[in-house]
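Q: Sharing a structure, written as structure tokens. Questions coming.
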Amino acid sequence: MRRITLLTLLGSLVLVLSSCIIVGTIPVSSFRFDSNWQRNTDLRYVFCSNKTTQMRYKFRAPDSSVISTISERYEGFASGNTINLNRPIADLSRDGSDLVFVDTVTFGQGGVPQSLPAGVSQQSIIITPITPPPSITGRTTVTVTVTTISGSQYSGSYVYDVYSNCP
Amino acid sequence: MLRPLLLLLLAFALSSCILLVEDEPQRPVQPVQPVTPVTPVQPSIVTPNAGSYTYRCSGGTLVVNYLDNNNLRLFYDGAFQNLGVVRRSPTLLFSGGVYTWEWTGSRGTLSVGGRVVLSNCAL
């Protein structure tokens, strides 16, 4: 009888602990990146420097109030240049449990692989499949880091191949 | 009696002056040498300062990294391509493998295998 009671208590403890794990959800997760140009061969998203190129990232953050800062890092492989931007949360839009950022990528000189005009958001993008030429002229790694008010950091990144002469 | 003698002396003196003037030797005329037409010298195009430049071209962007006065590398076909200087006038021309980068001082052109792939490149 005592043994049954002990097992019951242990089972209850396991259930309580498991419920605790469910309650303690991660505030920021599931980073996803894309652009309006998708390479046919492997379905990866790319940048076309001769076309209007839009970049989008989103992440799961059901409660925006826990977010302190959002920072973006752009690393140009060919140029060796890096830029860091602080993104105001107001530039992101909510889509269910996700926060979404969309902007047009600007290419060119200026010491950075590209720059993003501020204040543009709340727009959807239309993804177009393309078969780009072999002329990859750059490679940009975009890293987004979200810091919560408790100081925890969550980040995701994506590598975009940059093409010229996209059809 | 004295006046004709003076006049005669004066006549001699004047004639001697004329003779002196006429006696000056004449210089031979030098033949004119034919003028060779001068070809204007084209100024050399200076290599941009070492560093990385992202050009905007008709066709997209191109990153060119000038290593020194004679060498550069650019990123094309998914890899760095090394090019060396070939000439500096009338345009600055770099070549390496199938790649050629021509810089006029304000505009650039990238050719691959003799075919222009990026033109009108500027900063």
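The values are calculated or read from the model by the stated rules, or taken from the named source; none is laboratory data. What you see is a predicted model, and the numbers here were worked out from it, not measured in a lab. Reconstructed Cβ throughout: ideal geometry from the backbone, glycine too, with neighbour counts over all protein chains shown.
Q: Considering only residues that are more than 19 Å from residue A:101 (Cβ to Cβ) and touching a Pro at 6+ places or on another chain (Cβ under 9 Å), look in region A:25-40 and name the one that is nearest to the other protein chains (Cβ to nearest Cβ).
A: The extreme case among them is A:39.
Q: What number of residues within region A:52-91 are closer than 30 Å to residue B:53 by Cβ and buried (at least 21 other Cβ atoms within 10 Å of the Cβ)?
A: The total comes to 7.
Q: Residues A:112, A:159, A:144, A:105: which one is at pLDDT 95 or above and either within 23 Å of residue B:120 (Cα to Cα) or within 14 Å of chain B (Cβ to nearest Cβ) (or both)?
A: Being at pLDDT 95 or above and either within 23 Å of residue B:120 (Cα to Cα) or within 14 Å of chain B (Cβ to nearest Cβ) (or both) holds for just one of A:112, A:159, A:144, A:105, which is A:159.
Q: Where the second residue is of a type in the set (A, V, I, L, M, F, W, C) and surrounded by fewer than 18 Cβ atoms within 10 Å (Cβ to Cβ) and the first is in a loop (DSSP other than H, G, I, E, B) and lies in region A:74-102, which pairs have Cβ atoms under 9 Å and are six or more apart or on separate chains?
A: Taking only residues 6 or more apart or on different chains, the pairs are A:77/A:159; A:78/B:80; A:87/A:118; A:88/A:118.
Q: Sticking with this one: Residues that are at pLDDT below 95 and of a type in the set (Ser, Thr, Tyr): list the strands (runs of 3 or more DSSP E) wholly contained in region B:1-119 that include at least 2 such residues.
A: Once the strands (runs of 3 or more DSSP E) in region B:1-119 are filtered for at least 2 residues that are at pLDDT below 95 and of a type in the set (Ser, Thr, Tyr), what remains is B:51-58.
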